[in-house]
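Visitor: Just passing along the structure, written as structure tokens.
Read the figures in this text as sums done on the coordinates, not as results from a lab. Please read all numbers here as calculations on a predicted model, not as lab measurements. Cβ placement follows ideal geometry from the backbone for every residue including glycine, while neighbour counts extend to all protein chains displayed.
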Number of protein chains: 2
Amino acid sequence: MAGSLPISPLAPAAFPDLPEIDGVDFAAVAAGVRYSGRTDVMLARLAPGTRIAGVFTRSATRSAPVLDCETKLAAGGDPDAGAAILVNSGNSNAFTGSAGEASVREICAAVALATRVPVSRVFTASTGVIGERLPHDRITSALGDLAGKLAPGAIEAAAEAIMTTDTFPKGAGKVVDTPAGKVRIAGIAKGSGMIAPDMATMLVYIFTDAAIAQPVLQQALSSLNKVTFNAITVDGDTSTSDTLLLCATGTGTGITDLQSAEGTAFVAALHDVMRDLAHQVVRDGEGASKFLEIRVTGARDESDARKVAMSIANSPLVKTALAGEDPNWGRIVMAVGKSGAHADRDRLSIHFGDILVAEKGWIAESYTEDAGAAYMKAPELEMTVDLGLGSGSFTAWTCDLTHGYITINADYRS
Amino acid sequence: MAGSLPISPLAPAAFPDLPEIDGVDFAAVAAGVRYSGRTDVMLARLAPGTRIAGVFTRSATRSAPVLDCETKLAAGGDPDAGAAILVNSGNSNAFTGSAGEASVREICAAVALATRVPVSRVFTASTGVIGERLPHDRITSALGDLAGKLAPGAIEAAAEAIMTTDTFPKGAGKVVDTPAGKVRIAGIAKGSGMIAPDMATMLVYIFTDAAIAQPVLQQALSSLNKVTFNAITVDGDTSTSDTLLLCATGTGTGITDLQSAEGTAFVAALHDVMRDLAHQVVRDGEGASKFLEIRVTGARDESDARKVAMSIANSPLVKTALAGEDPNWGRIVMAVGKSGAHADRDRLSIHFGDILVAEKGWIAESYTEDAGAAYMKAPELEMTVDLGLGSGSFTAWTCDLTHGYITINADYRS
């Protein structure tokens, strides 16, 4: 049923022009894992010298490919052997017991053979139906074709092949000038558009030509992940397969330290790319018609600010009010109250965009329902909640909860 | 807009016959707080000697009446002075600053005058729109009328007056024989049916003629609350006004100790009444068409079992699958994985009713999609998740997430 949904009204106008990253080739094919008439397997081959950092779902029921990636990243492996990434859509190979582990082994072996990369440097991911045995032979038998097609410019085709019921392919990139030279970053993502029995797995692959040590790369990725992908939510449900890999081919500018001028510029650019991809996932949230930025300030600390922001972002009552264009600030108060963070009703203030809605525990004297209602009609909204207690802040992003979400997840049968 | 919704398909056939509790009188009037053409204020007067126990929302933004009740219960007060409970619907008096506190003071003073109970023993609650000043004069000017109408048999009228957009009044009761004599329990509740700008506040008032000390009464209430009202969820959003009061008039059988034969019988009966009322709140969940019992067993401890049960009960993907009559057990696996509880994929088993769906990390060999799909058609469902790790267990209850929920919360404007 993939592709039967209209493109999200919050989608970007077009897939962006992404910089080519020296040392990365892409290919995509239609292997027929589950879908027909579209590509569903992508391969990326990475040059010798590539360092890889990763972040994965913390689910206790994570999938066989996730467990395999975690093991391989922890072991380190030999960067000089290069690396490969193979992703299929249509089947998540999650909750498939020992058969799932066998499928990962078969696929990794075939990728290693086709790309001349050791198995220890082959990373896979699967997204789609849960609990069904992955027909891995359809993938392994397509590998000759895939390897033959590898080309530096095929990143958009790769982004399309990993879609499940995303309504648009997601890409973001940046070329940044540093004192030591240019650094190029290009990334793709999938997630949050889905239909019937699948889960909204998020997969993200980001490539850069920076020459950077793996621990430094991992440090940049982990810290930025907290304020980008871990700051978005569509429905609060966590996938068994979420995977984020950052691959640095080392063919370009050297970055030895994140605090250097080069490092600072690289981190800022990587932040932009990660935030852009994270936003695109929210913009393709199931049934989404509104994009909401929630800024929490004045919390006792960042942890409290995050609790409040995510409590608001995950509240079905806030999200349905958003869908109804209802300036229902009482639901924001409710979500602050239930968040578990320290809050004092009489210090709380709320803004919708620039409009002061509530302050000191009550509706603002200057606020009018008409102003609030007019503001809510925009497709992109900002709400700021100041707790008035300290200097902790956090920003989260979410979409509204509409009939579309129910239609996508309830009206179809698996 | 209250009353415009059809009665929930999960509603009981009729309001139950409840035992009269010696020492409690009820009255209800139409004071026009917000609604017209219906009652919206209820008064209960409790005889001298009444002990009162309470449990309240833990929201950091709880309402003025909740804060007032907490203060009074903590202070104890003089049971020999009797007590009174005044509840209005239509306005929650939450996030109304010092004006909200003044309204509580005005109402308590007027109730004290009309019922000849000291202010320290007057407990109030308000439910409805948030952030609007409560027109308390409409309530205080109705108090003469209310006090004049007080009668022992008017509990159903009281249950009706506290409804906001509940689709049916909720009551449950029990007469239990103990070695020392009969104990009567009767309770009413409101919650989880709502429309547009209100929140689904839950209010529960339970009355008994037991003669029991306040600390013992509080102990019974607090421990049973964990496995009844704190084990239900409609949408995971916590009200600013949730209030549960248990009032023992002391006119009947004496209970000195919860471990005695009388105490055990009383606790069992109180548990039945509280679970019944909690289930009725779920059965009137916004847009609900299915009632789901989630039993988690085999967890490392009860806390882990609760985490898993509530993660399943609050998952929008589980709840939309329920609405779609989709036996989507993969979403159960996802919810177990994200719960934060200890879980081992290869020890997990899932039953839908008596049907074994999954075991040892994979779909059960005996399971058929047809059997699962047929099971899902029932309006009342049970799902059991065994984690295979220990002896911790917990049972939670929830309803499905349907277009009705979106319609109620998004399609109307405040």
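Visitor: Taking only C-alpha pairs under 8 Å that are 6+ residues apart, what is the relative contact order of chain B in percent?
Guide: Averaging sequence separation for qualifying contacts and normalising by length gives 18 percent for chain B.
Visitor: Each residue of the range B:354-365 in order: what ³J(HN,Hα) in whole Hz does its phi give by Karplus 6.51 cos²θ - 1.76 cosθ + 1.60, θ = phi - 60°, with x for Gly and Pro?
Guide: 8, 7, 6, 9, 9, 8, 6, x, 7, 4, 6, 4
Visitor: If amide H atoms are built 1.01 Å from N in the plane of the peptide, which residues on other chains or at least 5 residues away come under 5 Å of the amide H of B:Thr50?
Guide: Counting only residues 5 or more places away or on other chains, the set is B:Gly82.
Visitor: Roughly how big is the range B:291-410's charge dipole about its Cα centre, with Cβ charges of +1 (Lys, Arg) and -1 (Asp, Glu), in debye to the nearest 20?
Guide: Dipole magnitude for the range B:291-410 comes out near 460 debye.
Visitor: Relative contact order of the range A:62-180, please, whole-number percent, based on alpha carbon pairs below 8 angstrom and at least 6 residues apart.
Guide: Values: 158 pairs, mean separation 35.7, N = 119.
Relative contact order, the range A:62-180: 30 percent.
Visitor: For each of A:Ile350, A:Ile294, count neighbouring Cβ atoms within 10 Å of the residue's Cβ, then give the residues from fewest to most.
Guide: Numbers: A:Ile350 21, A:Ile294 24.
Result, fewest neighbours first: A:Ile350, A:Ile294.
Visitor: Two decimals, Cα atoms only, Kirkwood Rh: what is Rg/Rh over the range B:291-410?
Guide: Radius of gyration relative to Kirkwood radius: 0.97.
Visitor: Taking 8 Å as the Cα distance limit and 6 or more residues as the minimum spacing, I'd like the relative contact order of the range A:291-411 as a percentage.
Guide: 45
Visitor: Would you order A:Met42, A:Met310 from fewest to most other beta-carbon atoms within 10 Å of each residue's own beta-carbon?
Guide: Exposure proxy ranking, most exposed first: A:Met310, A:Met42.
Visitor: Restricting to the protein assembly as shown, compute how many DSSP beta bridges are antiparallel as a %, nearest 5.
Guide: Antiparallel bridges make up about 65 percent of those DSSP assigns within the protein assembly as shown.
Visitor: Using a cut-off of 14 Å between beta-carbons, work out the net charge of the residues near B:Ser366 (Lys and Arg +1, Asp and Glu -1, B:Ser366 not included).
Guide: Working: positive: B:Lys360; negative: B:Asp354, B:Glu359, B:Glu365, B:Glu369, B:Asp370.
Charge balance near B:Ser366 sits at -4.
Visitor: Normalized C-alpha radius of gyration of the range A:52-118, against 2.2 N^0.38 Å?
Guide: Ratio of Cα Rg to 2.2 N^0.38 Å: 1.13.
Visitor: Taking A:Ala261 in one copy and the same position in all the others, each labelled 7 Å out along Cα→Cβ, what are the pairwise distances from the first, in nm, shortest first?
Guide: Counterpart label points of A:Ala261 in the remaining copies fall at 9.0 nm.
Visitor: Then there is this: Can you give the calculated 222 nm mean residue ellipticity of chain A, where each DSSP H run of n ≥ 4 adds -39,500 (n - 2.57) and the sum is split over every residue, rounded to the nearest 500 deg cm²/dmol?
Guide: After summing the helix terms and dividing by the residues of chain A, the value is -9500 deg cm²/dmol.
Visitor: Can you list, shortest first and in nm, the gaps between the label point of A:Ala30 and those of its counterparts in the other copies, using a point 7 Å from Cα in the C-beta direction?
Guide: Output for A:Ala30: 6.6 nm, nearest copy listed first.
Visitor: Could you tell me which of the pairs B:Lys182/B:Lys226; B:Lys170/B:Lys190; A:Lys170/A:Lys190; A:Lys170/A:Lys226; A:Lys226/A:Lys307 are separated by over 18 angstrom between their Cα atoms in the structure shown?
Guide: In this structure, B:Lys182/B:Lys226; A:Lys170/A:Lys226 lie more than 18 Å apart at Cα.
Visitor: Search the structure for amide H atoms under 5 Å from the amide H of B:Gly353, placed 1.01 Å from N in the peptide plane, and list their residues when 5 or more places away or on another chain.
Guide: Distant-sequence amide H within range of B:Gly353: B:Glu382, B:Met383, B:Thr384.
Visitor: Once the mean 1/r over all distinct Cα pairs of the protein assembly as shown is inverted, what Kirkwood radius in angstroms do you read off?
Guide: So the Kirkwood estimate lands at 28.3 Å.
Visitor: Can you say what percent of the DSSP beta bridges in the range B:291-410, counting only those with both residues inside, are antiparallel? Round to 5.
Guide: Percentage antiparallel, nearest 5: 70.
Visitor: Residue separation times 0.36 nm, minus the C-alpha to C-alpha distance between A:Ser120 and A:Ser391: what's the value?
Guide: 93.1 nm
Visitor: Let me ask you something else. Quick one: A:Arg300, A:Arg116, fewest Cβ neighbours within 10 Å first, how do they rank?
Guide: A:Arg116, A:Arg300
Visitor: Could you give the size of the charge dipole of the protein assembly as shown about its Cα centre, using +1 on the Cβ of each K and R and -1 on the Cβ of each D and E, expressed in debye and rounded to the nearest 20?
Guide: My answer is approximately 580 debye.
Visitor: Nearest 20 debye, what's the magnitude of the dipole of the range B:24-283 about its Cα centre given +1 on Lys and Arg Cβ and -1 on Asp and Glu Cβ?
Guide: 60
Visitor: Further question on the same structure: Given label points at 7 Å from Cα along Cα→Cβ, what nm distances, shortest first, separate B:Glu369 from the same residue in every other copy?
Guide: Computed spacing set for this position: 4.9 nm.
Visitor: Give the percent of DSSP beta bridges with both residues in chain A that are antiparallel, rounded to the nearest 5.
Guide: Details: 50 of 75 bridges.
In chain A, approximately 65 percent of DSSP beta bridges are antiparallel ones.
Visitor: How many angstrom separate the Cα center of the range A:42-88 from the Cα center of the range B:18-50?
Guide: Centre-to-centre (Cα) distance: 65 Å.
Visitor: Got a sec? Charge dipole of the protein assembly as shown, +1 on Cβ for Lys and Arg, -1 for Asp and Glu; which of B:Val267, A:Gly77, A:Met42 is way out at the positive end?
Guide: A:Gly77
Visitor: Restricting things to Cα coordinates, could you compute the convex hull volume per residue of chain B in Å³?
Guide: Numbers: hull volume 55.1 nm³, N = 414.
Measuring per residue, one finds 133 Å³ for the Cα hull of chain B.
Visitor: Still on this model: Along the charge dipole of the protein assembly as shown, Cβ charges K/R +1 and D/E -1, which of A:Asn88, B:Tyr375, A:Val29 sits furthest on the positive end?
Guide: A:Asn88
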